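The block underneath contains the structure these notes are about, expressed in structure tokens.
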Amino acid sequence: MKLDILTIPNPILRQKSLPVKQVDSGVVRLLDDMLETMYQANGVGLAAPQVGILSRIVVIDIQAREDEKQPLFFVNPEIIAHSEEQCDGSEGCLSIPNQFAHVKRFNSVTIRFLDRQGKSQEMTADGFLAVAIQHELDHLDGVLFIDHLSPLKRKMLLKRLEKQRKRG
Ligand code: GNR
Ligand code: NI
């Protein structure tokens, strides 16, 4: 089932999500609904608070090709290590439509999480996957990519969003 994606300034996006107690059938259904919603919106990641659910649940698929889908499911993800080096890449967010800006992130991160079967896993990611993971984990703490910008850049981006919304 496709879910509705919340956009700023919805206050739910600013709340902290709670850990999942058990990966039960309800959580699996949410993971699948989030994946469907993300694909339909042409996103590469989606966090549960973006669909109004304050649980620590994330889906990611950075594979662009339709015939080579590589969905990743993360429940209660935590960064347990990261590189010293940082990189700078352009980011967007389905909750901040059509706005992009450069954000500094760690080059590589190691995360611990529960998979779709409820099994504890660890994974090290770099490149764009590492960026997507950090972007999604931020959502679970009510943090958006615009929070990493200078106040001036954030203000300009929000102004652009307002203008775009008024144009319809
Ligand atoms: O679709 C998305 N693209 C994207 C591009 C660069 C860095 C992060 C992302 S995640 C975003 C989808 C989204 O808003 N996830 O929370
Ligand atoms: Ni986002």
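At 222 nm, what helix-only mean residue ellipticity would the chain give, in deg cm²/dmol to the nearest 500, using -39500 (n - 2.57) for each DSSP H run of four or more? Let's see the in-between values first.
Details: 3 runs with 47 residues, N = 168.
The per-residue figure over the chain is -9000 deg cm²/dmol.
Could you tell me the relative contact order of the chain? Use alpha-carbon pairs under 8 Å, at least six residues apart, and round to a whole percent.
Result for the chain is 23 percent.
Run the Debye formula on the Cα coordinates of the chain, all scatterers equal and no solvent, and tell me log10 I(q)/I(0) at q = 0.09, 0.10, 0.12, 0.13 1/Å.
Evaluating at q = 0.09, 0.10, 0.12, 0.13 Å⁻¹ gives log10 I(q)/I(0) of -0.29, -0.36, -0.52, -0.62.
Under a cut-off of 20 Å between alpha-carbon atoms, report the lysines in cross-link reach of K69, not counting same-chain residues fewer than 8 places apart.
Those lysines meeting the cut-off are K2.
Identify the trypsin sites (Lys or Arg not before Pro) of segment 84-168 meeting these criteria: DSSP loop state and at most 10 other C-beta atoms within 10 Å of the C-beta.
Working: sites: K104, R105, R112, R116, K119, K153, R154, K155, K159, R160, K163, R165, K166, R167; in loops: R116, K119.
Sparse-neighbourhood loop trypsin sites (Lys or Arg not before Pro): K119.
Bear in mind that the values in this text are calculations on the coordinates, not laboratory data. All figures in this text were calculated on a predicted structure; none of them were measured in a lab. All Cβ positions, glycine included, derive from the backbone under ideal geometry; neighbour counts span all protein chains shown.
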